[in-house]
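A short worksheet on the structure shown next.
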Amino acid sequence: MRDTAAGYRARMDHATGGTRTDRRALAAAAVTVVLWASAFVSIRASAEHYAPGALALGRLLIASLALGCVFLIKRGTLPDRRAWPGIAASGVLWFGVYMVALNWGEQMVDAGTASLLVNIGPVLIALFSGWLLKEGFPPLLLAGMAVSFAGAALVGLSMSGGGPSSLTGVLLCLAAALTYAAGVVAQKPALRWASPMQVTTFGCFTGAAVCLPFGGQLLAELPEAPLTATLNLVYLGLFPTALAFSTWAYALARTTAGKLGATTYAVPAAVVLMSWITLEEVPGWLTLLGGAVCLAGVAVSRLPSRRPAAPAAPAAPAQPPGPVAETAAADGTPGARG
């Protein structure tokens, strides 16, 4: 079955209901959170052997190859022209600039500072989507994000080893947070005219094209890098990029950008857990507390907003039996339904 925007919108229109759709979005967001958290562990294993631009390009090329194969197998079609501005913007800003800025910035600041600065991103998503996408500013979402940001700050503080943090590194991490938020907000309208597969595939192609100037660097470093670093690079392309960005787009098509952005505050908690299991890095009490606060904030942000009940419509006066009621029944007027 061909993947067209019309076909995708038709399937969305036949969705069973809001609760089930939200559960699907939550499941997809959970996959994204776990895979993005695992990316931090893999990046640490590759960053020593690949420069920031080469690492981003290698990751995007592998993801583009995987997504392109799936696209061809599913006989995908080109997105609607109305989706291209959002696809191009998210491809340049999120897939391209964000990955290079984040890889680069993390080499110039300590891990705690980088974590704290990048976690400004979900806050910016909520602000941009509330303003530009007219999603509003639900009180529970804002409260949950405030709680989660406090938790992320605790995690960042606990991870900070007091190392040097250059101004350039701080600015790069802020640029990563800004381009991440702008990319998400640009992607949301594109999903009105294209399927998640189309948006993810062509966004990844765009990001890879943006990073092509680092091709020479990647070719020079690839033969010198150990096999483990290259395997981590392949993993980054296949799972945290190709798969996780696909599940993200699937979830974004079914919920608001602000609410979905808030779920990414679960990433610091997941990173702490994965580092504990895979790297045997036993977290301190402050790290565990921060992770728990992050998850609590995500739970608050996912609570349904309480809307005031609509006033009941006044009951129509009863029609007395007789010619008037019979006339109303014959005409099909509202009085006949009493």
Q. Ignoring ligands and nucleic acids, what accessible area does CYS69 show with a 1.4 Å probe (Å², nearest 10)?
A. 70 Å²
**Q.** Listed residues THR201, THR77, THR168 arranged by accessible area, highest first, probe 1.4 Å
**A.** THR168, THR77, THR201
Q | Pairwise FRET efficiency - GLU224 versus ALA143, Cβ, R0 = 56 Å, nearest 0.05 | A | 0.70
Q | For the stretch 200-288: rounded, prolate or oblate by the Cα gyration tensor [a/c cutoff 1.5] | A | oblate
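What do you reckon, how do LYS134, LYS188, LYS74 stack up by accessible area (1.4 Å probe), largest on top? Intermediate results must be reported in sequence, preceding the final value.
Working: LYS134 160, LYS188 45, LYS74 95 Å².
Largest accessible area first, the residues go LYS134, LYS74, LYS188.
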**Q.** the stretch 56-214: C-alpha gyration tensor shape, a/c 1.5 cut-off, then a/b vs b/c
**A.** oblate
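The values are calculated or read from the model by the stated rules, or taken from the named source; none is laboratory data. These numbers were taken from a predicted model, which means no experiment stands behind them. Cβ atoms come from the backbone with ideal geometry, glycine included; neighbour counts cover every protein chain shown. With ligands, DNA and RNA removed, areas are computed over all heavy atoms of the protein, side chains included. Shrake-Rupley method; radii C 1.70, N 1.55, O 1.52, S 1.80 Å.
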